[in-house]
Every structure is written in structure tokens, then in C-alpha cells.
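Beneath this line is the structure, given in C-alpha cells, with notes to follow.
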Amino acid sequence: MKNALYFGDNLEVLRANVPEQSVDLIYLDPPFNSNASYNVLFKEKSGEESAAQIHAFEDTWGWGLESEAAYNELVTQGPKKLADLMQALLSFLGRNDMMAYLVMMAIRLVELHRVLKSTGSIYLHCDPTASHYLKLVMDAAFGPANYRNEITWKRRPGMSSAVHKSRRFGTITDTILFYARSEEAEFIPQYNKDDADYLRYIEENFKMVDENGRRFQATSLTNPAYRPNLIYTYKGYRPPPERLDDHKGKDGGLGP
């Protein structure tokens, strides 16, 4: 399966070609139910856009026979929590475009859960149109305990909200929902080591280095601020005499 590229309906490809628990990482940037059509644009050698285009997909969903079939499959054969959720969403939303979109996503997320390794993770890229519903679907498919982060993706510079006849702020972000497959999922923190200012800050403020080469800082844990609740003896601890003298009378007298 290395370096294999499949062309077709991803639901059919997943079911026919991808074994159970064989995938380390999933990132999907599916249609957003944006009610728009998308084309693949070609450019001439000169760099100018070509008149030739390939119609990629319609990001417009409508309830029909395919949606009904997928919904019935989810309710009768899908995981119980997801089946319960889809029935609740249908009761709330009705048989409309949004429900058709969520059914399309849900039945594929079942397969993505199947093929993901126990040590794997999934990142679902979406936008505010349906992100709140998709998070519920992800909770049902992967389990609320496996939710890790909701990542905000800034996709363009800020836009003025003072547009003529505008009734809302400009939308400049997308959402990435990050879920693990299980508690065994691996996560490797990423650090930016190329920023000179950051490296200089670390070297100047974290001068001590442990046996593994990790920098740290030795600092006092004493809070210099006046804390009325910490000027009396507690479990054997009593503040230094100078602090007691400084704060006598500030709270009406020392505690016991």
C-alpha cells in the first residue's frame, strides 16, 4: 500500500482497500457544506489560467435516497452511541441539507475509526458551518475521552466587520478537531528551534541544565504578594517573622 493513490468514493475505497487498524495518522479536509462548487484549475506554461477546468465536486448536499440509505445503515448497523446521536439529530434538524452532510460524514468516520491504529490520531478540518455538529459526531464515533484539542486555523488576514449591510463579524478561521484513537495514542510535542529571539530568551532565563541537556530555572516558590490566608501557622508552616511583622493588623490581627 506504500505510495498508493486511490481515485474514487473514499467510503468505497476505505471498505475495499484499507485493513483494520493499519493507519497511523488521518488528516481530512472534507467539503464544508459551503453551498459552493469547486473546480480544479489548470495554468498554461506562461502562468496564465487555462480555460480548461475539471469540475471537482459540489459542496452542496441534499437529502435523497443515498442519504436515507446511509442514515438507515448507521441507525441499524453503526455503533450504538452514533446511532442514537443520528436519530436525535434527525429529530432536531429534519431531513435537510445539513442532515445529509452529517450522515455523509458520520458513515465515513465509522470507517476511519476502524482503520486507525490504537496509537493513531485523527485531525478533521472543518469550518463554523457545521463544526459544532461534527464535534458531536466525533464524540460518538471516537469517544469523548479521546477528544484532545479544537485547533483554530487562521486562514486569511482580518476583515473589517464594518461592511455595508453586514450583520456579523468577518469569518477568518477554520476549525481542526483533534481526536486520538485510544489512550495509547502517541503525541510528540513540536518545538520551534529556529527562532533566534526564542533561543536567546531560553539561554538568558534558563541557565541551569540537567543531565539530559534540558534547561531549567531555579526560582523561589515564595509569593511576595500579601496573602491574608498565609500569615498563620498551617500544618507546621509559619511565615518568616519579617512577613508577620509587616502584615500585622492588616487583616485585623494574626490568625491562630
Q: Test Glu111 against the criterion of being exposed (fewer than 13 other Cβ atoms within 10 Å of the Cβ), acidic (Asp, Glu) and either in contact with a strand residue (DSSP E or B) (Cβ under 9 Å, 6 or more places away or on another chain) or closer than 23 Å to Thr175 by Cβ (or both), and give yes or no.
A: no
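Rundown of residues vs (1) surrounded by fewer than 12 Cβ atoms within 10 Å (Cβ to Cβ); (2) within 30 Å of Thr152 (Cα to Cα); (3) modelled with pLDDT under 65, yes/no style:
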{"site": "Asp194", "(1), (2), (3)": "yes, yes, no"}
{"site": "Arg200", "(1), (2), (3)": "yes, yes, no"}
{"site": "Glu211", "(1), (2), (3)": "yes, no, no"}
{"site": "Glu242", "(1), (2), (3)": "yes, no, yes"}
Scanning segment 109-149 residue by residue, those touching a Leu at 6+ places or on another chain (Cβ under 8 Å), touching a residue at least 60 places away in the same chain (Cβ under 8 Å) and farther than 25 Å from Ser22 by Cβ turn out to be Ala130
Exercise. Residue check: is Ala218 farther than 30 Å from Leu25 by Cβ, in a loop (DSSP other than H, G, I, E, B), at pLDDT below 85 and in contact with a strand residue (DSSP E or B) (Cβ under 7 Å, 6 or more places away or on another chain)?
Worked result: yes
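Taking into account only those residues within segment 1-42 that are assigned to a strand (DSSP E or B) and modelled with pLDDT of 75 or more, which is farthest from Ser182 (Cα to Cα)? Explain how you work it out, then say what you get.
We begin by selecting, within segment 1-42, every residue assigned to a strand (DSSP E or B); these are 23-28, 36-42.
Cutting the leftovers down to modelled with pLDDT of 75 or more gives us 23-28.
Values: Val23: 13, Asp24: 12, Leu25: 13, Ile26: 14, Tyr27: 17, Leu28: 19 Å.
So the residue we want is Leu28.
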Exercise for the section: Restrict the check to segment 113-131 and report whether at least one residue is more than 20 Å from Trp61 (Cα to Cα) and assigned to a loop (DSSP other than H, G, I, E, B). Expected result: no
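The values are calculated or read from the model by the stated rules, or taken from the named source; none is laboratory data. Everything numeric in this text was worked out from a predicted model, so none of it was measured. When we count neighbours, we look across all protein chains shown, and the Cβ atoms used for this are built from the backbone with ideal geometry, even at glycine.
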